[in-house]
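Below: one structure, written as structure tokens.
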Amino acid sequence: MRRYGKHTDEDDIRSRPNRKGNRPRTNIRPKHEDAAEGMVLTVDRGRLTCLVEDRVVMAMKARELGRKAAVVGDRVALVGDLSGMKDTLARIVRIEERTSVLRRTADDDDPYERVVVANADQLAIVTALADPEPRPRLIDRCLVAAFDGGLEPLLVMTKSDLAPPDKLLELYGALDIPYVVTSRGELENGDASDRVREHLDGKITAFVGHSGVGKTTLVNALVPQERRRLTGHVNAVTGRGRHTTTSALALPLADGGGWVVDTPGVRSFGLAHVDPSRVIHAFPDLEPGTAGCPRACSHDEPDCALDAWVAEGHADPARLYSLRRLLATRERKEGD
Ligand SMILES: Nc1nc2c(ncn2[C@@H]2O[C@H](COP(=O)(O)OP(=O)(O)OP(=O)(O)O)[C@@H](O)[C@H]2O)c(=O)[nH]1
Ligand SMILES: [Mg+2]
Ligand SMILES: [Zn+2]
């Protein structure tokens, strides 16, 4: 009798049916000890595509999970048909504890918060240097979400063939945040993926950013065959003939390990779930300047020490403006 783990005399006694004929408790509380471990690659209306060993298994949530939803990046336990054959469906009986959660709300006053990806270690914030124009406010918001969700940020500036990175580097280069700049030519000769790849090994990296900045192009350059091999997935073509991503998709990197997660483009990154007092952590260039602030300073009030700190040249005034703007939209729940 090994059912209870370490064998002891007491186990023997308990697991033996007693005179009244009671059975051991295993029938009452199924533990799914035979369940297989899998990783959620993508979710499509209740159908979850999971990678189990090297098989792509379609699954749905078991009833016993209740309202808890599995999301891309989740480690799950599956039972049932795990063959990965066409028209088979496994059941997800357990969602393992998450190491991180990247959340977003549609707007700052939207009470409905969605989990973009679970278990990511790193957030690659993708910004095009042109077409579409960089949006520092969106970058700042993604940085807040990263710090709040426990993900390391990585800035990826794409399309340097269209515009130079100087202005953005002025704003963000001074932060202690790793960054990479890529261009069309470097995508074609492999330099772009090599350079980005240096930041990805062994990590689960989620790529986020505005629509059209080049997230999918980059992910495809990093894992050339995986999208088709694992999902047969082709993105929908928009009215303008462009392929836009409609759902998040996790893909494994070849040797070296790690995963990349492509996500649909966002217009804004609502932060309704983030406590305003935590926003400052996403501004590491300004944070030391708050040492002189009054207690519980909102950093958007007359006594805030940041004005003097910035005036002394310790940080870029544009960054303080960004912080205040973010705090204001967060607090007053204005649109963005
Ligand atoms: N000039 C130039 N164009 C690029 C570069 N990278 C991507 N593109 C183009 O930008 C367009 C959008 O690229 P996608 O990879 O689909 O962008 P996305 O971020 O995945 O967009 P969504 O899925 O809608 O969020 C495509 O036409 C790409 O060919 C680049 O470095 N330079
Ligand atoms: Mg895309
Ligand atoms: Zn302050």
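What follows draws every value from the coordinates through simple rules; no lab data is involved. All values derive from a computational prediction rather than experimental measurement. Reconstructed Cβ throughout: ideal geometry from the backbone, glycine too, with neighbour counts over all protein chains shown.
Overall, the chain carries a charge dipole of about 2280 debye about its Cα centre when +1 sits on the Cβ of Lys and Arg and -1 on the Cβ of Asp and Glu, all other atoms neutral. Using a simple spin-label model with pseudo-atoms 7 Å out from Cα toward Cβ, VAL56 and ARG137 lie 4.0 nm apart.
Modelled spin-label separation between ASP87 and GLU312, with each label point placed 7 Å from Cα along the Cα-to-Cβ direction: 7.3 nm. Dipole check for segment 276-331: with +1 at the C-beta of Lys and Arg, -1 at the C-beta of Asp and Glu, and the Cα centre as origin, the magnitude is about 220 Debye. Each of ILE204, ALA90, LEU168 was scored by the projection of its Cα onto the charge dipole of the chain, and the greatest displacement toward the positive side belongs to ALA90; charges sit on the C-beta of Lys, Arg, Asp and Glu. Would you please state which residues of segment 104-141 a label at ASP166 would reach in this model, taking the label point 7 Å out along Cα→Cβ and a backbone N cut-off of under 16 Å? Once the point is set 7 Å along Cα→Cβ of ASP166, 129-130 turn out to lie under 16 Å by backbone N, inside segment 104-141.
Using a simple spin-label model with pseudo-atoms 7 Å out from Cα toward Cβ, GLU287 and ALA106 lie 3.3 nm apart. Under a model in which nothing but the beta-carbon of Lys, Arg (+1) and Asp, Glu (-1) is charged, segment 101-262 shows a dipole of about 600 debye around its Cα centre. With the highest mean first, a sort of the peptides 200-210, 267-277, 221-231 on other beta-carbon atoms found within 10 angstrom per residue produces 200-210, 267-277, 221-231. Counting charges near SER83 (Lys, Arg +1; Asp, Glu -1) among other residues having Cβ under 13 Å from its Cβ returns a value of -2. Sequence-distant contacts, meaning Cα pairs under 8 Å at least 6 residues apart, place the relative contact order of segment 101-262 at 22 percent.
Against the chain, whose longest principal axis comes from its Cα atoms, helix 317-332 is set at around 50 degrees.
Taking each DSSP H run with n ≥ 4 as -39500 (n - 2.57) and averaging over every residue of the chain yields -6000 deg cm²/dmol at 222 nm. For the chain, CYS50, CYS142, CYS304 have no disulfide-compatible partner, since no other Cys C-beta lies under 4.7 Å from theirs. Subtracting the Cα-Cα distance of GLU113 and THR99 from 0.36 nm times their residue separation leaves 3.2 nm of extension gain. Checking every one of the trypsin sites (Lys or Arg not before Pro) in segment 50-115 against DSSP loop status and a limit of 15 other Cβ atoms within 10 Å picks out ARG67, LYS68, LYS86. Annotation: amide H of ASP108 within the under-5 Å range of LEU271, sequence separation 5 or more or interchain, hydrogens built in the peptide plane.
The relative contact order of the chain comes to 15 percent, based on Cα pairs under 8 Å that sit 6 or more residues apart.
Relative contact order of segment 43-145, taken over Cα pairs closer than 8 Å and 6 or more residues apart, is 20 percent.
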